[in-house]
Amino acid sequence: MSAQRFKRIMLKVGGESMIGDREYGIDPGAALKVAEQIKLIYAEHIQIAVVIGGGNIFRGVAGSKQGIDRATADYIGMMATVMNGLTLQDALEKIGVPTRLQSALQMPAVAENFIRRKAIRHMEKGRVVILGAGTGVPYVTTDTGASLHALELHCDVLMKATKVNGIYDKDPMTNSDAKRFKTLTFKDAIEMDDVNVMDTGALAMSKENNMPLMVFELFNGDNLIKAVKGEDIGTYVSNDVQTVLASE
Ligand code: UDP
């Protein structure tokens, strides 16, 4: 398949992609690498929305384990995603990609409020829309934000960038014989206890509303553009496929 497979994508980028070699926080060089991958698909006139995580700075669950009220901790986490959003915006615009940052929590000094129709309009005008603060409500993560926004913005696919190239039948970090799924049904993805690809709530929302999910490794060559063009990259999860292992 050489033609574009998707016209409008939702890209979920975890906060860890902003961390580079650090243990915590933001590495501008890492942000630039993410931006360069996005630029490759932007150059193909694909409409792009990006939901950015905040795990490199703060996760609500971790904060609540240290005694912060869970909802408060989650709001701190959402603010962390806006920090990453600003960083990604800066990196993208430095390399000539026009952007708008929208936030589900109101922060008008730094980001537009999330307005669904405006986000769509930005994409139609060729701007990459970065979405901060996830859903804007606590007790969920940016995976749920990505699934929800993918649906309401009428994206063709939710592309989740991870550390490994797709979904495996066992943890590939600890099992050398782990095999990658080329395609996977949502039903199987939800039922596989060992597979920790995305929050179950986000998976269920994608399943119920038929929003396909592509899981792939962002920092592996030109994976993002290859995946968008339909090459055998990562794992494609949908209600409309069979569960099949990759042949390699
Ligand atoms: N968060 C939230 N609601 C949302 C999205 C995020 O409360 O809709 C909070 C939650 O505390 C989460 C944190 O923001 O842990 C950072 O997001 P996430 O953990 O999803 O980041 P990632 O793992 O993708 O880096």
*With the dipole of the stretch 104-248 worked out from charges on the C-beta (+1 for Lys and Arg, -1 for Asp and Glu) around the Cα centre, which of Val137, Leu148, Val110 lies farthest toward the positive end?*
Val110
*Over the chain, what is the relative contact order in whole percent, taking alpha-carbon pairs under 8 Å and six or more residues apart?*
22
*Using a cut-off of 17 Å between alpha-carbon atoms, which lysines can reach Lys182, once sequence neighbours fewer than 8 places away in the same chain are excluded?*
Lys160, Lys163, Lys170, Lys226, Lys229
*Between Gln106 and His154, take the C-beta separation as r, use R0 = 25 Å, and let me know the FRET efficiency to the nearest 0.05.*
0.55
_Over the stretch 131-230, what is the relative contact order in percent, taking alpha-carbon pairs closer than 8 angstrom and at least six residues apart?_
33
_Farthest toward positive dipole pole in the chain [+1 Lys/Arg, -1 Asp/Glu at C-beta], among Val228, His45, Asn84_ = His45
*GNM on the chain, C-alpha springs below 10 Å: top fluctuator among Gln106, Gln37, Gln89?*
Gln106
_Of the candidates Met205, Met173, Met78, which one comes out as most mobile in a Gaussian network treatment of the chain with C-alpha springs shorter than 10 Å?_
Met173
*Summing +1 for each Lys or Arg and -1 for each Asp or Glu, what net charge is found among the other residues whose Cβ lies under 12 Å from the Cβ of Ala189?*
-3
*Could you calculate the FRET efficiency of Asn113 with Asp177 from 1/(1 + (r/R0)^6), where r is the beta carbon distance between them and R0 is 51 Å, rounded to 0.05?*
0.55
*For the stretch 158-181 versus the stretch 51-119, the gap between their alpha-carbon centres in whole angstrom*: 27
*Taking the Cα centre of the chain as origin and charging only Cβ (+1 Lys, Arg; -1 Asp, Glu), how large is the dipole, in debye to the nearest 20?*
840
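Give the relative contact order (percent, whole number) for the stretch 1-64; include only Cα pairs under 8 Å separated by 6+ residues.
47
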*For the chain, modelled as a GNM with alpha-carbon contacts under 10 angstrom, which of Asp27, Asp74, Asp194 fluctuates the most?*
Asp194
*Mean residue ellipticity at 222 nm from the helices of the chain, using -39,500 (n - 2.57) per DSSP H segment of n ≥ 4 over the full residue count, to the nearest 500 deg cm²/dmol?*
-10500 deg cm²/dmol
*At each listed q (0.10, 0.11, 0.15, 0.16 Å⁻¹), what is the log10 of I(q)/I(0) that the Debye formula gives for the chain modelled as equal alpha-carbon point scatterers?*
-0.44, -0.53, -1.04, -1.19
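Read-outs throughout are calculated quantities, based only on the coordinates presented, and are distinct from any laboratory measurement. If you're wondering where the values come from, they're calculated on a predicted model, not measured in any experiment. Don't worry about glycine lacking a Cβ; one is built from the backbone with ideal geometry, like all the others, and counts go over all protein chains shown.
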